[in-house]
Each structure stands twice: as structure tokens, then as C-alpha cells.
Amino acid sequence: HQQDDDDEHIKEIQTTIFSSTRSIFLTKSQDIIDQIDALLDVNDEQDETTDDNENTNIDPAALSMTRTTLKQRQTKIQNGFQSAASAKQLLNPDFFNEMPERRSILLGLTNGVLYHGKLQSIHIWQILQTILPELNESFVVEQEEDTCTSSSPWAAACPPKIIQRNIPQFILDAGNQFCDHQQMDLLNNNNGVCGNDNTIPIPTNIPDGYLGYHEMIPRDTSTDPLSTIFAEMDALMTLPESLNELEQQLSELNDETKKINQEIQSLWKQVGGPTQDRMGPNGELYGIQNECFSLIAGKYEYELCIFEQAYQRDVGGKKKTGTGLGSWRKMEIDESTGERIFRWEGGAKCWNGPQRSATAYVTCGAETKVLSADEPETCKYVMKMESHLACDDIYKRLNDL
């Protein structure tokens with residue numbers, strides 16, 4: 001039933017003085033659009049039967065442009081009616097009458113519309129004509145069948161009446177200027193020019209105010225006196241702008257912090273993290289990280305890559321290829337001997353067996369190299385290596401060095 005309610009509200013709104021010029025525009029502009037459609041249809045028929053050189057005195061492009069402009073203004077008016085109907089449905093008087101303190105909500109909404117809608121002083125004057133009892137009682141709209149002689153719907157409000165209310169003088173001045181413009185429009189017959197048989201001629205251009213409809217123009221903050229009332233609100237509105245700048249700065253600082261943290265994580269990864277467990281004590285694996293060490297044993301070549309993979313392949317095969325013996329798992333230290341133990345786990349699965357793995361036992365030596373490779377258990381490979389990494393204090397103590 002929401003649509004039915006909106007339709008009823010729209011019909012009610014269209015009968016108010018504030019909306020009368022828009023309602024008249026919809027009716028009159030549609031008449032013109034119908035004329036244009038008829039002319040374009042006739043032109044299409046003539047194109048099929050008339051010699052190309054014969055002048056039909058019809059400019060289809062100009063007519064289409066006029067129709068488009070009128071339809072655009074119709075759409076604006078219809079959208080306005082729809083918004084007004086929604087507002088009327090939302091702002092149910094009973095809601096505010098039940099609790100008088102709720103009127104502060106209505107006052108806030110009103111101020112918000114006046115401010116954020118950038119209404120002009122003349123708009124305030126027009127609104128007062130429709131809501132103040134001493135003004136709208138004399139407001140009668142009579143739309144005669146002869147639209148050529150119908151007066152402006154604002155005629156009853158002109159000149160602005162003096163009432164016992166504290167209406168700012170600049171609002172009354174805006175009303176006087178508006179009434180002067182209305183009088184000029186009436187003298188110049190700008191609200192709608194009629195031709196023979198009370199038909200409205202098709203215009204060659206659509207100026208603002210055509211058929212009595214003026215498009216809403218936002219308040220000029222440099223010239224409209226109403227802006228002085230909202231000066232303090234304008235000052236407050238600079239806060240969100242400043243806040244946006246601060247939020248932008250905060251966002252940039254957060255991005256910079258994220259970048260620095262990523263760099264820190266990358267450096268920690270290189271040296272083994274805060275506890276240095278990845279790189280070993282004192283970061284001893286740092287010097288051989290991502291290096292590979294190979295050994296040929298029989299028909300196979302074994303390749304052990306620190307922090308990467310371990311491989312078994314036929315002699316002469318491409319580096320870092322072959323059967324995977326596992327991914328680097330960790331380094332352990334035998335505290336009794338100082339021996340380092342490198343482990344690779346999770347390699348290629350053996351036929352009816354476990355996943356392959358490789359363990360290298362590293363003793364002290366001048367350079368890092370693989371000394372031997374064996375498979376004491378199915379798919380479990382054991383290598384012996386030498387490296388300066390194992391030449392630590394434990395090795396010195398055990399060898400009386």
C-alpha cells in the first residue's frame with residue numbers, strides 16, 4: 001500500500017500553491033511534447049513520400065532537443081513530488097503532537113534542509129506564504145481553462161504583506177524582488193505564450209522560467225543575506241574538512257607504518273626472527289642461507305639446499321630438480337658434541353612407504369660440503385657434512401683447542 005499512499009500524497013501536494021507552477025508546467029509541457037511527437041511522425045511519413053530536395057520546414061534535430069529538455073525538467077519535477085510525498089509520509093504530524101519535545105527534531109530537520117539544501121532568501125519567503133495562516137488564507141489558485149489569461153499563482157502574495165511576525169527585512173526584500181520579476185513575466189507573457197486556438201507554440205529554446213517553472217538555484221553565499229545566518233554553521237562545517245585532512249594524514253602514516261613493519265619482518269626473516277631460531281645461534285646460518293651443496297654417490301647426485309629443498313637425481317641432471325627428499329624443516333644442535341643436524345621433511349612419497357626425508361649431520365670442517373649420502377632406512381636418507389658452523393666452543397673443548 002506504500003505506492004498508493006505516495007500517489008495520494010503526490011495528488012495532495014500538486015494542489016498546493018507551492019507546487020501549482022510545477023503542476024501547470026507538467027500539463028503544458030506535455031501538450032508541447034505531444035505536438036512535437038505528432039510533427040515528427042508526420043515528418044517521417046513525408047520522408048517516405050517526398051522528394052529529398054523538397055523543404056518540409058521541419059528541423060527534427062531541434063524538435064528532438066526541445067522535447068528532451070522538456071522531459072528532463074518533467075523528470076526533475078516528478079522526482080521532487082516523489083521526495084515530497086516520502087517526506088510527508090515520514091513526517092506524520094501525530095508523531096510530533098504526541099510528544100511536544102519531538103518538535104526539536106522537526107526544528108533540526110528544518111534547519112538541515114535550509115542549510116544543506118542551500119535555499120535562497122526567496123525560497124524562505126515562498127515557504128512562509130504557504131505555512132503562515134495569515135498569509136495562505138488569501139492564497140487561492142484559480143487555473144482557468146484559457147491558460148493564456150491565467151494569472152501567476154503567486155499573484156495573491158504580491159506585493160508582500162506586512163504581518164505581526166518577526167520576519168527579517170531581507171526576506172521581505174527578496175519577496176519584493178520576486179514580485180517585480182513576476183510582474184515583468186506577466187507583461188512579457190513569459191509564463192506561457194499562446195498561439196491561435198489557445199495552443200502553445202513550440203519554442204525554439206527553453207529559458208529558465210519557461211511556462212512558469214524556475215529551476216532551483218543554490219544560494220549564493222557571497223550575496224544572499226541568508227548566508228549570514230548560517231555563518232557559524234559554515235565555520236563548523238570546516239571541521240569535517242580539517243578532519244578529512246587529518247584522516248588522510250593518519251591513513252598515510254598507517255601506510256608508512258605498515259611498510260616499515262613489512263621491512264622489519266623481512267629483516268627478521270633474514271636474520272632468523274627476534275629469537276634467531278631460524279638462522280641459528282648468533283645467526284650462523286645467515287652466511288649459507290639459500291645455498292645448495294651437492295654430492296655424487298654411485299649413480300645418484302644428492303643436493304641439499306639450506307632453507308629450500310633437498311633432491312635426489314641421476315648424475316648429470318639439472319640443478320634443483322629430481323625426486324624431492326623434503327623441504328627444509330630446521331637445524332638442531334647436539335649440545336654434547338656441538339654437531340649440527342639439518343633436517344628436510346615431507347618429500348615425495350615412496351611406493352608403499354613414507355614420505356622421503358633427509359637428515360644431515362654436520363661436524364667441524366674448513367668449508368661447508370657434503371661428505372657422504374646413505375639410505376639406512378627406506379626413503380630416509382642420511383648425509384654427513386662438514387662446515388665451519390660446527391667449529392664452536394663445544395668442539396674446541398672436546399678437542400682441547
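The values are calculated or read from the model by the stated rules, or taken from the named source; none is laboratory data. Predicted, not measured: the structure shown is a model, and the values here were computed from it. Glycine gets a Cβ as well: all are built from the backbone with ideal geometry, and neighbour counts include every protein chain shown. In case anyone asks, the SASA skips ligands and DNA or RNA and just uses the protein heavy atoms, side chains included. Shrake-Rupley method; radii C 1.70, N 1.55, O 1.52, S 1.80 Å.
Report, by residue number, each residue of the range 320-342 that is open to solvent by 30 Å² or more (accessible area, probe 1.4 Å), more than 21 Å from R397 (Cβ to Cβ) and more than 51 Å from the chain's Cα centre (by Cα). So that I can check it myself, show each step before the final result.
Keep residues of the range 320-342 that are open to solvent by 30 Å² or more (accessible area, probe 1.4 Å), which gives 320-323, 327-337, 339.
Okay, now just the ones that are also more than 21 Å from R397 (Cβ to Cβ), so 320-323, 327-330.
Those that are open to solvent by 30 Å² or more (accessible area, probe 1.4 Å), more than 21 Å from R397 (Cβ to Cβ) and more than 51 Å from the chain's Cα centre (by Cα): G322, T323.
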field: Candidates L90, L26, filtered to the one that is closer than 30 Å to I131 by Cα and at pLDDT 90 or above
entry: L26
task: Give me a count of the residues in the range 60-97 that are surrounded by 10 or more Cβ atoms within 10 Å (Cβ to Cβ), farther than 27 Å from Y210 by Cα and without any contact (Cβ under 8 Å) to a residue 24 or more places away in the chain.
output: 6
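Identify the residue in the range 299-315 that is in a loop (DSSP other than H, G, I, E, B) and open to solvent by 70 Å² or more (accessible area, probe 1.4 Å) and, among all such residues, is nearest to T378 (Cα to Cα). Give the steps one after another, and end with the answer.
Step one: filter the range 299-315 for residues in a loop (DSSP other than H, G, I, E, B), giving 299, 306-308, 315.
Imposing the further condition that a residue be open to solvent by 70 Å² or more (accessible area, probe 1.4 Å) reduces the set to 299, 315.
Values: K299: 18, V315: 21 Å.
Among those that are in a loop (DSSP other than H, G, I, E, B) and open to solvent by 70 Å² or more (accessible area, probe 1.4 Å), it is K299.
Kindly indicate which of N189, N198 is at pLDDT below 85, open to solvent by 70 Å² or more (accessible area, probe 1.4 Å) and on the phi > 0 side of the Ramachandran plot. Working first, answer last.
Numbers: N189 fails: open to solvent by 70 Å² or more (accessible area, probe 1.4 Å).
Of the residues listed, the single one that is at pLDDT below 85, open to solvent by 70 Å² or more (accessible area, probe 1.4 Å) and on the phi > 0 side of the Ramachandran plot is N198.
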field: Residue in the range 360-384 that is farthest from I288 (Cα to Cα), counting only those that are out of contact with any Gly (no Cβ under 7 Å at 6 or more places or on another chain) and open to solvent by less than 20 Å² (accessible area, probe 1.4 Å)
entry: Y381
